[in-house]
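Taking it in order: structure first as structure tokens, then the write-up.
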Amino acid sequence: MIDLLDYVPVAAAGFAVPQFLPQIRKLRATGDTAGVSSSWAALTSVNNAAWLAYFTLSRYWTALVPSSSATVLAGTLAVMLVRRRRPGPGPSALIGAWAITLAAAGAAAGRAGLGTLLTAAFLLQVTPSIWTAYRTARPTGVSSGTWLLILGELSCWLTFGLHKSDPRLITLGATGVTASLLMLTRIYRTTKNQYPAASAT
């Protein structure tokens, strides 16, 4: 008997494959990086590469497509951001150290070791984005389209994790939904506050 919930990753792929395209298009069109974190983009690429390995080891074959897409597109966004605004040596070193840590955990302990680190990976991944957006007076460079797609994808992973009783995916989904809502709230409030200023001029 076919369980439709086994195909929730297909829905996640529908959100994930184009996920970073709105942010990439906005950056190309405007060159505006206000509120957009290059560390977030780089960590997203690194973590999704690790999720790709985790899904392969778990034989969640339908989950490979969104992970592959996020790895490539987030990496592309990170390169675009770094070309416009170079980060200091600190963030680069931390991202490199995190990538090595993930690889070492996977090599030493396989799926279980990698999964343990990935439980906290998304929180580490989105923290720079939320911090940058909330510390920027007008985060005009952030794309709401990208964060709506992230919300859709992570809602799917939360559903799939509950279906599979996978605590790692449940944590990923719950953290992702919370982070997406925080980012969308920030974008909405900033946009809302711009209208009175525009009407007064």
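A few points about this structure:
- Highest mean packing comes first when the peptides 70-77, 56-63, 83-90 are listed by Cβ atoms within 10 Å, giving 70-77, 56-63, 83-90.
- Charge dipole magnitude, Cβ of K and R +1, D and E -1 - segment 74-165, Cα centre, debye nearest 20: 340 debye
- Relative contact order (%) - the chain, alpha-carbon pairs under 8 angstrom, separation at least six: 31 percent
- Packing here is the average count of other Cβ atoms within 10 Å per residue, and on that basis the peptides 18-25, 128-135, highest first, run 18-25, 128-135.
- For segment 72-201, the solvent-accessible area works out to 52 Å² per residue, with a probe of 1.4 Å and every protein chain left in place.
- Accessible area of segment 9-64 divided out per residue, in Å², using a probe of 1.4 angstrom: 39 Å²
- Formal net charge of residues neighbouring residue 111 (Cβ-Cβ distance under 13 Å; K, R +1; D, E -1): +1
- Exposure of residue 142 as accessible area (Å², to 10), given a probe of 1.4 Å and all protein chains: 10 Å²
- Positive end of the dipole of segment 8-163 (Cβ unit charges, origin at the Cα centre): among 163, 65, 76, the Cα lying farthest that way belongs to 76.
- Proximal charge balance of residue 158 [Cβ under 14 Å; K/R count +1, D/E count -1]: 0
- Per-pair calculated FRET efficiency, R0 = 25 Å: residue 109 and residue 64 via Cβ, rounded to 0.05: 0.75
- Using a probe radius of 1.4 angstrom, the carbon and sulfur fraction of the accessible surface of the chain is 66%.
- Only helices enter the 222 nm calculation for the chain: every DSSP H run of n ≥ 4 contributes -39,500 (n - 2.57), and dividing by all residues gives -28500 deg cm²/dmol, rounded to 500.
- Total charge dipole magnitude, segment 1-84, about the Cα centre, Cβ charges on Lys, Arg, Asp, Glu only, Debye to nearest 20: 420 debye
- Simple Cβ-charge dipole of the chain, Lys/Arg +1 and Asp/Glu -1, about Cα centre, in debye nearest 20: 760 debye
- Spin-label pair residue 30/residue 185, simplified geometry with 7 Å Cα→Cβ offset, distance in nm: 2.2 nm
- Folded to 0 to 90 degrees: helix 144-164 orientation relative to the chain principal axis, Cα: 20 degrees
- Local net charge near residue 149, Cβ-Cβ under 15 Å (Lys/Arg +1, Asp/Glu -1): +1
- Cα point-scatterer Debye curve for segment 85-201, base-10 log of I(q)/I(0) at q = 0.12 Å⁻¹: -0.57
- Cα gyration tensor category, rounded, prolate or oblate, for segment 1-111 with a/c compared to 1.5: oblate
The values are calculated or read from the model by the stated rules, or taken from the named source; none is laboratory data. Predicted, not measured: the structure shown is a model, and the values here were computed from it. Backbone-built Cβ (ideal geometry, glycine too); neighbour counts: all protein chains shown. Keep in mind that these areas ignore ligands, DNA and RNA; they rest on the heavy atoms of the full protein, side chains included. Shrake-Rupley method; radii C 1.70, N 1.55, O 1.52, S 1.80 Å.
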